[in-house]
Amino acid sequence: MSVKEDLVKIVGKSKVSEAPEDLDKYAKDESPVHPVRPRCVVRPGSADEVQKLVNWANETLTPLVPVSSGPPHFRGDTVPSTGGAVIVDISGMKRIMRIDSEHRIAMVEPGVTFGELIPELAKEGLRLNMPLLPRATKSVVGSLLEREPVIMPQYHWDLADPLACTEVIYGTGDMFRTGSAAGPGDLQQQWEVGAAQNEAAGPVQADFYRLIQGAQGTMGIVTWATVRCERMPSIEEPFLVGSSKLDDLLEFVRWILRRRLVDDCLLLNNTDLAHILATEWPRGYESLKNSLPPWILFFSISGVKYFPEEELNYQKEAVANIAKSLKIELLKAIGKVSAFELLKVLHKPSEEPYWKLRDKGSCYDIFFLTVHDKLPELVSVMNGIAESYEYPASNMGIYIQPVVQGVSCHCEFNLFFEPGNPKEEDKIRAISEAAFEALANRGAFFSRPYGPWADMAYRRDSVTTISLRKIKDIYDPNKIMNPGKLCF
């Protein structure tokens, strides 16, 4: 019996494809990883079908590559690393299983996108602590599993946040529920007694969700997850701060987050902000960018349910006092950018075309975690590397996101380039490899290594590599789950 016949028995004829034009969509993405065409694409519609697929893969030793978000993809993690792989596209699993406004929890399947979940949460008075302008096709669960940084650091207590519980089919074929979802009882029984699947840790004293977060599908396939949400504010006021010096803004950010005074808080250089807000290319983009200082801080203050105006006013006063002591000017507009306009944009998915593709058609991101004190040097190092490869530093976007209540930062460099241009693609690949070594040597921590970064990252930490391979042997002994990724 052929592979296709086996898969048709599990999910049905309409959900299995061997069409070349379909396979080509999964053979490559926007990253510089080597293209590999999969054997076929299968689209399960339930956790039961996913479990049957994993069991079949163990019997036939067929590699599986899970995909939950729609295109375009950027990091190479959904491109097969070996021939004969089957793409398990779970983007069609789109149930919003439950929204619990009392406990501020939403339970969703992996195909639910930000564009689909945001309006449903708004009906319940809730909002997501979400990444910076995710693409419209981005899976909420996929973003949680990738540990993408979120724009409200005040509510970010752990690098895993806002992920809570998950249901995962491990590479062994076993179904497992993490956190408080593990029991006692099934989900319906837990709901009947008021449980909300809002505690990530567990079962018992192990944080099993950490085995699948950042694993790029190498441990198993998540079939639903719960996400912690926040109350929709009753009143909200945004601000902008511009500066030619990154250090000045970082000191201000450190103080306002330490005192937990703001909700949204992020820094962009003028290149990234112009890419986000420009509506005309290239004239409108250049005009907008030229109206801005090199660095722009955006933050917002809100009052939620009880005495919202009083809450807003005391926070504004405290922020104003900090700004005065640091000689920072708080503004409602800078150049051609309005703080209220940016606030509206940031709490929605990116409009089409996706903001990183609007200029040249493609983008490659270099990102890592670090502490505030190291940021200026790391930015300077990256600027030097870009210039050494004849990539103007002024054309490079930079996004800095404080995380975990501001104790550290996600730093991201966006390299915009023309897809299909071999010269530009080779340049981006060379910059990426040079940047990893130079930045890592100066304190950049690549906590989410994709593609060639993974080899470089795990070579630096043999103890972690040995431990992860032992864990892989337990949860995916036949090595069927996305082989070739990370250190596997």
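Only one of these conditions is not met by E390: (1) touching a Cys at 6+ places or on another chain (Cβ under 7 Å); (2) at positive phi. Which number is it?
If we test E390 against (1) touching a Cys at 6+ places or on another chain (Cβ under 7 Å); (2) at positive phi, just (1) comes out false.
Regarding S31, is this residue outside the structural domain of V112 (by TED's automatic domain parsing), under 22 Å from E109 (Cα atoms) and not charged (D, E, K, R)?
Values: outside the structural domain of V112 (by TED's automatic domain parsing): yes; under 22 Å from E109 (Cα atoms): no; not charged (D, E, K, R): yes.
No; evaluated as a whole, the condition is false for this residue.
Return the only residue of T218, T226 being within 25 Å of L163 (Cβ to Cβ) and in contact with a Phe, Trp or Tyr (Cβ under 9 Å, 6 or more places away or on another chain). Break it down stepwise before answering.
Working: T226 fails: in contact with a Phe, Trp or Tyr (Cβ under 9 Å, 6 or more places away or on another chain).
One residue alone meets the criteria, T218.
Is at least one residue of segment 453-462 under 30 Å from D263 (Cβ atoms) and not β-branched (V, I, T)?
Keep residues of segment 453-462 that are under 30 Å from D263 (Cβ atoms), which gives none.
Taking every residue of segment 453-462 in turn, none turns out to be under 30 Å from D263 (Cβ atoms) and not β-branched (V, I, T).
Can you confirm whether K332 is surrounded by fewer than 16 Cβ atoms within 10 Å (Cβ to Cβ), over 15 Å from D263 (Cα atoms) and touching a strand residue (DSSP E or B) at 6+ places or on another chain (Cβ under 8 Å)?
Details: surrounded by fewer than 16 Cβ atoms within 10 Å (Cβ to Cβ): yes; over 15 Å from D263 (Cα atoms): yes; touching a strand residue (DSSP E or B) at 6+ places or on another chain (Cβ under 8 Å): yes.
Yes.
Out of all the residues in segment 121-174, which are over 18 Å from the mean Cα position of the chain (by Cα) and not small (G, A, S)? Break it down into steps so the answer makes sense when it comes.
So in segment 121-174, the residues over 18 Å from the mean Cα position of the chain (by Cα) come out as 121-126, 167-174.
Passing the criteria: L121, K123, E124, L126, E167, V168, I169, Y170, T172, D174.
Among the numbered criteria (1) without any contact (Cβ under 8 Å) to a residue 60 or more places away in the chain; (2) among the charged types (D, E, K, R); (3) under 23 Å from P483 (Cα atoms), which single criterion is violated by E21?
(3)
With G179, G173, G202 as the choices, which residue is touching a residue at least 24 places away in the same chain (Cβ under 8 Å) and under 25 Å from L61 (Cα atoms)? Spell out how you get there, then give the answer.
On the way: G179 fails: under 25 Å from L61 (Cα atoms); G202 fails: under 25 Å from L61 (Cα atoms).
Going through G179, G173, G202 in turn, the sole match is G173.
Limited to segment 29-53, what total is found for residues that are touching a helix residue (DSSP H, G or I) at 6+ places or on another chain (Cβ under 7 Å), closer than 19 Å to M93 by Cα and among the β-branched types (V, I, T)?
Residues that pass the stated criteria total 2.
Report yes if some residue within segment 401-417 is β-branched (V, I, T) and buried (at least 22 other Cβ atoms within 10 Å of the Cβ); otherwise report no.
No, that holds for no residue.
Residues V108, V65: which one is surrounded by 24 or more Cβ atoms within 10 Å (Cβ to Cβ), touching a Leu at 6+ places or on another chain (Cβ under 7 Å) and either at pLDDT 95 or above or not assigned by TED's automatic domain parsing to the domain that holds T178 (or both)?
Numbers: V65 fails: touching a Leu at 6+ places or on another chain (Cβ under 7 Å).
Matching residue, one of V108, V65: V108.
Output the number of the condition that C229 fails; it satisfies all remaining conditions of (1) surrounded by fewer than 23 Cβ atoms within 10 Å (Cβ to Cβ); (2) in contact with a helix residue (DSSP H, G or I) (Cβ under 7 Å, 6 or more places away or on another chain).
Going through the list (1) surrounded by fewer than 23 Cβ atoms within 10 Å (Cβ to Cβ); (2) in contact with a helix residue (DSSP H, G or I) (Cβ under 7 Å, 6 or more places away or on another chain), C229 breaks only (1).
Can you report the number of residues in segment 135-146 which are in contact with a strand residue (DSSP E or B) (Cβ under 8 Å, 6 or more places away or on another chain) and at pLDDT 95 or above?
Filtering segment 135-146 down to residues in contact with a strand residue (DSSP E or B) (Cβ under 8 Å, 6 or more places away or on another chain) leaves 136-141, 144-145.
Add one more test, that the residue is at pLDDT 95 or above, and what stays is 138-141, 144-145.
Summing the residues that are in contact with a strand residue (DSSP E or B) (Cβ under 8 Å, 6 or more places away or on another chain) and at pLDDT 95 or above in segment 135-146 gives 6.
When F445 is evaluated against the numbered criteria (1) in contact with a Pro (Cβ under 7 Å, 6 or more places away or on another chain); (2) more than 23 Å from K245 (Cα to Cα); (3) hydrophobic (A, V, I, L, M, F, W, C), which criterion, by number, is the only one it fails?
Of the numbered conditions (1) in contact with a Pro (Cβ under 7 Å, 6 or more places away or on another chain); (2) more than 23 Å from K245 (Cα to Cα); (3) hydrophobic (A, V, I, L, M, F, W, C), the odd one out for F445 is (1).
Filter the strands (runs of 3 or more DSSP E) completely within segment 122-185 down to those with at least 2 residues that are buried (at least 23 other Cβ atoms within 10 Å of the Cβ) and out of contact with any Leu (no Cβ under 6 Å at 6 or more places or on another chain).
Strands (runs of 3 or more DSSP E) meeting the threshold: 163-170.
Residue-wise test of (1) modelled with pLDDT under 95; (2) outside the structural domain of D248 (by TED's automatic domain parsing).
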{"site": "A318", "(1), (2)": "no, no"}
{"site": "A323", "(1), (2)": "no, no"}
{"site": "I328", "(1), (2)": "no, no"}
{"site": "A333", "(1), (2)": "no, no"}
{"site": "E341", "(1), (2)": "no, no"}
{"site": "E352", "(1), (2)": "yes, yes"}
{"site": "I366", "(1), (2)": "no, yes"}
{"site": "L369", "(1), (2)": "no, yes"}
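Among the listed residues I428, I480, which satisfies the condition of being of a type in the set (V, I, T) and modelled with pLDDT of 95 or more?
Working: I428 fails: modelled with pLDDT of 95 or more.
Of I428, I480, the one residue that is of a type in the set (V, I, T) and modelled with pLDDT of 95 or more is I480.
Of the residues that sit in segment 186-210 and are of a type in the set (G, A, S) and either in a loop (DSSP other than H, G, I, E, B) or surrounded by fewer than 15 Cβ atoms within 10 Å (Cβ to Cβ) (or both), which one is nearest to the chain's Cα centre (by Cα)?
Of segment 186-210, the ones of a type in the set (G, A, S) are 194-196, 200-202, 206.
Restricting the remaining residues to those that are either in a loop (DSSP other than H, G, I, E, B) or surrounded by fewer than 15 Cβ atoms within 10 Å (Cβ to Cβ) (or both) gives 194-196, 200-201, 206.
Values: G194: 30, A195: 28, A196: 24, A200: 18, A201: 21, A206: 24 Å.
By that ranking, first place goes to A200.
For segment 335-441, list the helices (runs of 4 or more DSSP H) that sit wholly inside it and hold at least 3 residues that are over 17 Å from the mean Cα position of the chain (by Cα) and free of Cβ contacts under 8 Å to residues at least 60 places away in the same chain; which are they? Spell out how you get there, then give the answer.
Working: elements: 339-346, 375-388, 422-440.
It comes to 375-388, 422-440.
The values are calculated or read from the model by the stated rules, or taken from the named source; none is laboratory data. Nothing here was measured: the structure is a model prediction, and the numbers come from that model. Note: ideal-geometry Cβ built from the backbone for every residue, glycine included; neighbour counts use all protein chains shown.
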